[in-house]
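Shown next, in structure tokens, is the structure this report addresses.
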Amino acid sequence: MSHSDLERVAAAMVAKGKGILAADESNSTAGKRFDKFGIAKTEENRRAYRELLFTTPDAAQWISGVILYDETIRQKTGNGVPFPDYLTKLGIIPGIKVDLGAKPLALYANETITEGLDGLRERLEEYYKLGARFAKWRAVIDIGADIPSRGAIEANAHALARYAALCQEQNIVPIVEPEVLMDGAHTIERCEQVTDATLNEVFIQLHRARLHLEGMILKPNMVISGKKCPTQATPEQVAAATIRCLKRHVPGAVPGIAFLSGGQSDEEATAHLDAINKLGPLPWHVTFSYGRALQAAPQKAWSGKPENVPAAQRAFGHRAQMNSLAALGRWTADLEKKAA
């Protein structure tokens with residue numbers, strides 16, 4: 001294992017003004033999104049849609065890496081070039097989602113644990129050969145009346161640390177993703193409290209697992225009001241609470257933080273990222289690792305029709321560019337309108 005390799009890849013993943021496209025939806029999640037636009041749920045449609053994103057002109061200006069799914073890392077462009085090879089030639093780093101999803105945590109009502117550690121070393125070996133240079137594992141922490149419990153936070157942090165150590169052993173940069181969900185009616189203060197507890201435990205477990213912090217990326221939630229909370233925090237409040245929380249728990253040795261969008265609207269996710277970067281300078285590069293917030297617009301524009309590919313690519317390029325500006329703290333609502 002080479003620390004310098006891990007550090008080089010991690011630094012490139014959070015290069016200035018670039019972020020990560022999360023295109024790692026499972027087949028069932030991709031199917032649900034296709035349903036909205038009446039797109040048939042076939043492997044070829046999933047392949048064609050991913051190709052549309054990856055072949056968007058100038059994508060490499062704004063996108064540093066792409067998180068792939070097991071099916072996608074094995075697929076090829078229409079010209080027969082494997083997706084990881086195609087992305088690598090563009091200067092975009094291929095990555096892979098390796099967790100097997102959140103399952104009920106035994107004896108903990110309404111809480112989950114992410115599975116997928118069994119056989120992970122062998123899967124990582126194969127993914128490295130297929131071209132993956134980073135991986136992703138998502139832990140899910142829900143906020144409710146009596147949750148999260150300390151036990152659930154510890155179990156998920158421990159699994160994240162074991163995953164991250166296995167990645168580094170195989171010369172793969174781990175994206176460590178502890179997601180505190182924004183689904184409830186909780187306040188931003190409650191989100192901050194839970195995110196504090198979660199990040200605190202995650203870094204305790206990463207230290208115990210002997211992780212090389214310079215060779216990892218953190219993918220956290222923003223500290224934000226629950227979707228159903230009657231009082232929604234402003235972008236400035238979100239930025240202040242998020243930075244306060246991260247500064248308490250994330251060592252400066254971590255090269256970058258790439259936020260998840262977690263159900264925010266496209267423009268909300270961009271505005272929040274911009275507000276956070278306007279509070280700089282920060283100890284880490286702060287950017288995006290968005291799925292829906294980058295993909296909702298192009299998916300709608302495409303709607304499964306080959307003739308719509310150019311319009312869909314324009315929609316994707318626009319969102320990627322807006323988030324690139326936000327990662328530099330240079331986005332404005334006016335730019336959003338002008339470009340649209």
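Among the residues of segment 130-164, write down those that are within 19 Å of R210 (Cα to Cα), open to solvent by 20 Å² or more (accessible area, probe 1.4 Å) and under 20 Å from the mean Cα position of the chain (by Cα). H158, R162, listed by residue number. Might you check whether a residue that is on the phi > 0 side of the Ramachandran plot, polar (S, T, N, Q) and free of Cβ contacts under 8 Å to residues at least 40 places away in the same chain occurs anywhere in segment 93-116? Scanning segment 93-116, I find at least one residue that is on the phi > 0 side of the Ramachandran plot, polar (S, T, N, Q) and free of Cβ contacts under 8 Å to residues at least 40 places away in the same chain, so the answer is yes. Contact map, segment 24-42: residues that are within 18 Å of L68 (Cβ to Cβ) paired with residues that are among the aromatic types (F, W, Y), Cβ distance under 6 Å, separation 6+ or inter-chain. Pairs shown: D24/Y69. Considering segment 304-340, the residues that are open to solvent by 20 Å² or more (accessible area, probe 1.4 Å) and among the charged types (D, E, K, R) include one that is nearest to K41 (Cα to Cα), namely K305.
Got a number for residues in segment 42-83 being over 17 Å from P310 (Cβ atoms) and in contact with a Lys or Arg (Cβ under 9 Å, 6 or more places away or on another chain)? Residues in segment 42-83 being over 17 Å from P310 (Cβ atoms) and in contact with a Lys or Arg (Cβ under 9 Å, 6 or more places away or on another chain): 19 in total. Taking the options M182, M222, name whichever one is within 19 Å of the chain's Cα centre (by Cα), in a loop (DSSP other than H, G, I, E, B) and free of Cβ contacts under 8 Å to residues at least 60 places away in the same chain. It is M222.
In the set (1) in contact with a strand residue (DSSP E or B) (Cβ under 8 Å, 6 or more places away or on another chain); (2) closer than 18 Å to L199 by Cβ; (3) of a type outside the set (D, E, K, R), the condition left unmet by C245 is number (1). Scanning segment 167-179 for residues that are open to solvent by 30 Å² or more (accessible area, probe 1.4 Å) and either in a helix (DSSP H, G or I) or among the hydrophobic types (A, V, I, L, M, F, W, C) (or both) returns a single hit, E169. Can you tell me which residues in segment 220-244 are crowded, with 24+ Cβ neighbours inside 10 Å and within 23 Å of A10 (Cα to Cα)? P220, N221, M222, T242 - these are the residues of segment 220-244 that are crowded, with 24+ Cβ neighbours inside 10 Å and within 23 Å of A10 (Cα to Cα). Considered as a group, the residues in segment 23-32 that are open to solvent by less than 40 Å² (accessible area, probe 1.4 Å) and not in a loop (DSSP other than H, G, I, E, B) include one that is nearest to K136 (Cα to Cα), and that residue is A30.
Considering segment 77-110, the residues that are assigned to a strand (DSSP E or B) and among the small types (G, A, S) include one that is farthest from A10 (Cα to Cα), namely A102.
If the condition is being among the small types (G, A, S), within 22 Å of S289 (Cα to Cα) and assigned to a loop (DSSP other than H, G, I, E, B), then segment 111-150 contributes G116, G131, A132. Among (1) at pLDDT 95 or above; (2) under 21 Å from the mean Cα position of the chain (by Cα); (3) of a type outside the set (S, T, Y); (4) open to solvent by 10 Å² or more (accessible area, probe 1.4 Å), there is one condition F288 misses while meeting the rest; what is its number? Unmet for F288, out of (1) at pLDDT 95 or above; (2) under 21 Å from the mean Cα position of the chain (by Cα); (3) of a type outside the set (S, T, Y); (4) open to solvent by 10 Å² or more (accessible area, probe 1.4 Å): (4). Under the condition of being assigned to a helix (DSSP H, G or I), open to solvent by 10 Å² or more (accessible area, probe 1.4 Å) and without any contact (Cβ under 8 Å) to a residue 60 or more places away in the chain, the residues counted in segment 59-74 number 3.
Among what's in segment 313-340 and is touching a Lys or Arg at 6+ places or on another chain (Cβ under 8 Å) and part of a helix (DSSP H, G or I), pick the residue that is nearest to H272 (Cα to Cα). Across segment 313-340, the extreme among qualifying residues is A327.
Within segment 49-58, the set of residues being touching a residue at least 60 places away in the same chain (Cβ under 8 Å) and crowded, with 18+ Cβ neighbours inside 10 Å comprises Y49, L52, L53, T56.
The residues listed here are D266, D274; of these, the one that is closer than 30 Å to T42 by Cβ and surrounded by fewer than 24 Cβ atoms within 10 Å (Cβ to Cβ) is D266. Taking every residue in segment 190-217 that is at pLDDT 95 or above and buried (at least 23 other Cβ atoms within 10 Å of the Cβ) and pairing it with any residue that is in a helix (DSSP H, G or I) and β-branched (V, I, T), at least 6 positions away or on another chain, the pairs with Cβ-Cβ distances below 8 Å are T198/I153; G215/V9. Being among the small types (G, A, S), out of contact with any His (no Cβ under 6 Å at 6 or more places or on another chain) and buried (at least 21 other Cβ atoms within 10 Å of the Cβ), is that true of even one residue in segment 33-48? The answer is no, given that none of the residues of segment 33-48 is among the small types (G, A, S), out of contact with any His (no Cβ under 6 Å at 6 or more places or on another chain) and buried (at least 21 other Cβ atoms within 10 Å of the Cβ).
The values are calculated or read from the model by the stated rules, or taken from the named source; none is laboratory data. Note that the structure is predicted; figures quoted are calculated from it, not measured. So basically every Cβ, Gly included, is an ideal-geometry build from the backbone, and we count neighbours across all protein chains shown. What goes into the accessible areas is simple: the full protein's heavy atoms, side chains included, and nothing from ligands, DNA or RNA. Shrake-Rupley method; radii C 1.70, N 1.55, O 1.52, S 1.80 Å.
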